[in-house]
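Quick one: the structure is below, questions incoming.
The values are calculated or read from the model by the stated rules, or taken from the named source; none is laboratory data. For clarity, every value in this text was computed on a predicted model and none was experimentally measured. Here the Cβ positions follow ideal geometry from the backbone for every residue, glycine too, while neighbour counts run over all protein chains shown.
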Amino acid sequence: MRYKGRLSFLKRTRRRSKLTQGDISFIAGLTNTVTISRYETGERIPPTDILLIYHILFDQPIATLLPDYVESVRATIRKRCEELQGIIENGAPEHRNKQRLAYLSATVSRLKPLKALTTTTEHEQ
């Protein structure tokens, strides 16, 4: 899946620090800047180690570095939790199922859209 333009938070975060893609490549142990460029333009989703580098180096939560991608994953989890709730509700009424339903319900409530986070981050720039 391509996220062209949606990963610009990576680029903006790096640019605010005045570090170059070459600097990030060096810190990440990469031999060229092409890979970092692909992550920052959305051609590729960065792997966990690159996300952790941005997170640690720039002291930014991963959710603020990839807000659209995080929201997409949250929406998928929310939808699947709601589907699972329906499946469990139609099953045998066991105590364990009540606990599972309570947890899923709390999760769905917690996974409301993060647009407020994205808006706050954009205003801080």
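From the list Thr31, Thr48, Thr13, Thr20, pick out the single residue that is surrounded by 15 or more Cβ atoms within 10 Å (Cβ to Cβ), of a type outside the set (A, V, I, L, M) and not assigned by TED's automatic domain parsing to the domain that holds Lys112.
When all the criteria are applied, what remains is Thr13.
Go through region 41-62 and report how many residues are part of a helix (DSSP H, G or I), over 11 Å from the mean Cα position of the chain (by Cα) and not acidic (Asp, Glu).
Number of matching residues: 9.
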